[in-house]
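Coordinate-derived values only; no laboratory data. Treat the numbers as computed from the prediction; the structure is a model and nothing was measured. Backbone-built Cβ (ideal geometry, glycine too); neighbour counts: all protein chains shown.
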Amino acid sequence: MPSTEGVIVKKVLPLIYVIDTSGSMFGDRIASVNEAIHELEPILREKVGEIPEAEIKIAALTFSSGAQWITANGLVSLDDFFWNDATAGGLTDLGAALKELNQKLSRNSFLVSDTGFCAPVLIFMSDGEPNDNWEKELNNIKQTNKWFQAARKIAIAIGEDANIGILTKLVGSNEAVIQTNDLETLKRMIIAVSVSASMLAGSSRMAGDAASGSMILEAATTNLDTDTFTVAPEVADFDGPDLMAAGTQDVWDDSGDWN
Amino acid sequence: MPMLEQGQILKTISGVRIKVEQFIAEGGQGEVYRVDYNGEKKALKWYKPEALRDPILFYDNLKTNAAKGSPDKAFLWPDAVTEKSGGTFGYIMGLRPEGYYELSKILGSKKCNFVSFKAAAEACIRIVSAFRILHNNGYSYQDLNDGNFFINPQTGDVLICDTDNIAKNGTSTGILGKPRYMAPEIVNGKGKVLPDTQSDRYSLAAILFLILFNNHPLEGSHWVMVTCMTDEIAEKLYGTSPLFIFDPNDRSNAPVRNLQISVIERWAFMPEYLKSKFVTAFSQEALKTPGKRLRELDWLQVLVRFRSDIVRCTCGNEVFIQNAATTKCDVCGKPVAVTHTVKLPGYSITAAGGSRIYRCMLGTCNADEALHPVAAVVTRKDKPGVLGFRNMSGLILNATTPSGKPKQIKPNDVIPFNPGIVIEAFDKKIELQ
């Protein structure tokens, strides 16, 4: 008899943070982001560490003067995810971040798995105006990167100077942009958005959700399925071994005390 | 951030006082607290304002269910509904006892998995049995999924929670269900087709398959090969083109070797009669025609038989007895001797201390009577190897000895387990072998 503890094969759900670490984030803003992600670590492990729908993996990209992955080696599992505080300073090179994202959102880079992926969740955070040629990079990633197209994208606008128009373009819908001036709220938002995005696959749907869900679930369309059913996997036989042997019998006649 | 404060006082609609004691957990719709309810420790589910699509309808349905009372002790049913406070409301239910875990935590877990297949089979029987009672009472669950059950993985005992979406079959609470557990017609209906008893039956079959086979019934190679699961592809897999991973007529969605190891292993070990039920339950016909789904009675018949076929080898391994005949232990290689069997109208089961015969194992019966006990195989207290046959039916049963002498077995009486004895119960023959 096989073990009752067999592993359930899951898809990987990439949870990717794209964080503005420009000079304007210096001080309590970046401190709040750092604190939120520290607080998030055990919450995610507890809440979604063992969900049957997906295995959550995390990546984080920061951008200031240029863009840099905090998780340089790709997606990190929850158990291996420890946040080193990000520091702020420099410009707001959103375009550089998008370019970097475009390169790594690929089966040849970060997105390698035997079991495939759930649509990635991208959480952008910014408090300002991009300095570089972000539009070109956005158009590029939007048009060419199927992962980006399929991703559920959310943006958190920090403070009043954040350019909501640009963030809306980034995530494809103004309903997926949340704005806050209060740093305590920011912290709670980062946690809440991360948890609910992770649990999305496993939450029950209400009638009409298809429309309202698009608030954060940017239409995951495109023709991804064209390259999904093409590889023929090696399939298993159905039949098990025959276990049969002759039965034995014996006879008695008794009565007594019975369990 | 909990919505209610420790010590806060609430009232039920009939004026009973509730004192909030401790925040327990948070879910999508609301929060759960431990409360003192009229001197008793209970759980309070408190809805987040705006979490419900139609709070008036929901509140009314909750009140109706609480007034009607639980259909079975397996349900953590609303005992009482609160007055509205701060624009929302909640309901009182039993607390989850120690040692019970959500099914979603049990499946695939190393820490709290079923200790045995016997316990897993028991859990399946209890789940099916509870849903039979629910459906017979004219309700549908509507949101059946792996988060709805608290299960004791040691014993297989089941408590069904999230009973607040339960409604009279055919009414809408606004819920559609959880992805992967929604029936194809609900996925395809995109909100226009509402869950009912038949869609519950799809979800139920999926849950049973997950418990026994450790894999979703539609997640085979098609699922594995999806590079990125978008909503569109999910609709195809679970809605427009569902295909059972062991569909004998179309193997294109079979599990992937070296990857979906657990389900392949289990399928190889499980008895044919059990597998064939799943093949029927997830046939194209049953997937696409809700009226063709397996009913609870169908499941009970096969699950009760399966449970009786699971025996422990002396090495500790559980062995699935095949055809009620001596079966080689797949771990130590020793034969697990089946010395006695009970021949029922359709098949034989292994006779060992603790084997039970239920009404549904004798053939067609009324669903309400399915789990009525008919008989049990017992062992002598002083000689555990010695078997007896106890009449559990509550009726006098007629029997014939091997030499042809007529005998009567009174309710609760035990007769020696003598091969050749034939017992008549419910116009059917039970033969001891």
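Dipole size in debye (nearest 20) for segment B:101-300 around its Cα centre, Lys and Arg Cβ +1, Asp and Glu Cβ -1?
Value, rounded to 20: 240 debye.
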### Message
Can you give the local net charge around A:SER106? Use residues other than it whose beta-carbon is closer than 12 angstrom to its beta-carbon, Lys and Arg +1, Asp and Glu -1.
### Response
+2
### Task
Considering only B:ASN253, B:ASN188, B:ASN38, give the residue with the highest GNM mean-square fluctuation for chain B, with springs between Cα atoms whenever their separation is below 10 Å.
B:ASN38
### Summary
Per residue of B:233-242, other chain Cβ atoms within 10 Å number on average 2
### Message
How tilted is helix B:55-68 with respect to the longest principal axis of chain B? Cα atoms for both, answer in degrees (0 to 90, nearest 10).
### Response
40 degrees
### Task
Have a look at B:PRO184, B:PRO402, B:PRO153 and tell me which one the Gaussian network model of chain B (Cα, springs below 10 Å) gives the largest fluctuation.
B:PRO402
### Summary
One point scatterer per Cα, no solvent, Debye formula: log10 I(q)/I(0) for segment B:339-432 at q = 0.15, 0.20 Å⁻¹ comes out as -0.52, -0.95
### Summary
Once phi for every residue in segment A:43-52 is put through the Karplus expression 6.51 cos²θ - 1.76 cosθ + 1.60 (θ = phi - 60°), the whole-Hz ³J(HN,Hα) values, with Gly and Pro written as x, are 5, 5, 4, 6, 7, 10, x, 10, 5, x
### Assigned charges on the beta-carbon of Lys, Arg, Asp, Glu; the protein assembly as shown dipole about Cα centre (debye)
2300 debye
### Task
With a 4.7 Å Cβ cut-off, tell me which Cys residues in chain B come up empty for a partner.
B:CYS112, B:CYS124, B:CYS161, B:CYS228, B:CYS360, B:CYS365
#### Entry: Intensity falloff of segment B:101-300 expressed as log10 I(q)/I(0), Debye formula with alpha-carbon point scatterers, at q = 0.09 Å⁻¹
-0.31
### Query
Dividing the alpha-carbon radius of gyration of chain B by 2.2 N^0.38 Å (N being the number of residues), what value is obtained?
1.08
### Query
Can you give the direction-averaged projected area of the convex hull of the alpha-carbon atoms in segment A:40-162, in nm²?
8.2 nm²
### Task
Report the one residue of B:PHE282, A:THR144, B:LEU397 whose Cα lies farthest in the direction of the positive end of the charge dipole of the protein assembly as shown (charges on C-beta: Lys and Arg +1, Asp and Glu -1; origin at the Cα centre).
B:LEU397
### Query
Using only Cα atoms, what is the ratio of the radius of gyration of the protein assembly as shown to 2.2 N^0.38 Å?
1.09
## Note on the structure
Given the candidates A:LEU111, A:SER194, A:LEU15, the one whose Cα lies deepest towards the positive end of the charge dipole of segment A:11-221, counting +1 at each Lys or Arg C-beta and -1 at each Asp or Glu C-beta, is A:LEU111
### Summary
Amide H neighbours of A:LEU61 at under 5 Å, excluding residues fewer than 5 places away on the same chain, with H built from the backbone geometry, are A:TYR17, A:VAL18, A:ILE19, A:ILE70
#### Entry: 5 angstrom amide H check on A:LEU13, placed H, neighbours 5+ away
A:GLU55, A:ILE56, A:LYS57, A:CYS118
### Task
Quick one: which residues, 5+ away or cross-chain, put their amide H under 5 Å from the amide H of B:VAL319? H built at 1.01 Å from N.
B:VAL311, B:ARG312, B:CYS313
### Dipole in debye (nearest 20) - segment B:168-282, about Cα centre, beta carbon charges: Lys, Arg +1; Asp, Glu -1
160 debye
### Message
Largest first, please: the extent of the C-alpha atoms of segment B:46-175 along each principal axis, to the nearest Å.
### Response
45, 31, 22
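Less than 11 Å Cβ to Cβ from A:TRP69, Lys/Arg counted +1 and Asp/Glu -1: what total charge do the surrounding residues give?
Charge balance near A:TRP69 sits at 0.
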### Query
Just how many % of Cα pairs in segment B:1-61 lie over 20 Å apart, if you round to the nearest whole percent?
29 percent
### Task
Note down the nm distance, to one decimal, between modelled labels 7 Å out along Cα→Cβ at A:ASN140 and at B:THR240.
3.4 nm
### Message
Please list, in order along segment B:273-283, the HN-Hα scalar couplings obtained from phi with the Karplus expression 6.51 cos²θ - 1.76 cosθ + 1.60 (θ = phi - 60°), rounded to whole Hz, x for Gly and Pro.
### Response
4, 6, 4, 5, 5, 5, 4, 5, 4, 10, 5
### Query
How big, in percent, is the set of alpha carbon pairs in segment B:277-331 lying more than 13 Å apart?
66 percent
### Task
Could you run the Karplus curve 6.51 cos²θ - 1.76 cosθ + 1.60 with θ = phi - 60° over segment B:222-228 and give me ³J(HN,Hα) per residue in whole Hz, x for Gly and Pro?
4, 5, 4, 7, 6, 5, 9
## Note on the structure
Taking Lys and Arg as +1 and Asp and Glu as -1, residues besides A:ILE191 with C-beta under 15 Å from its C-beta add up to -3
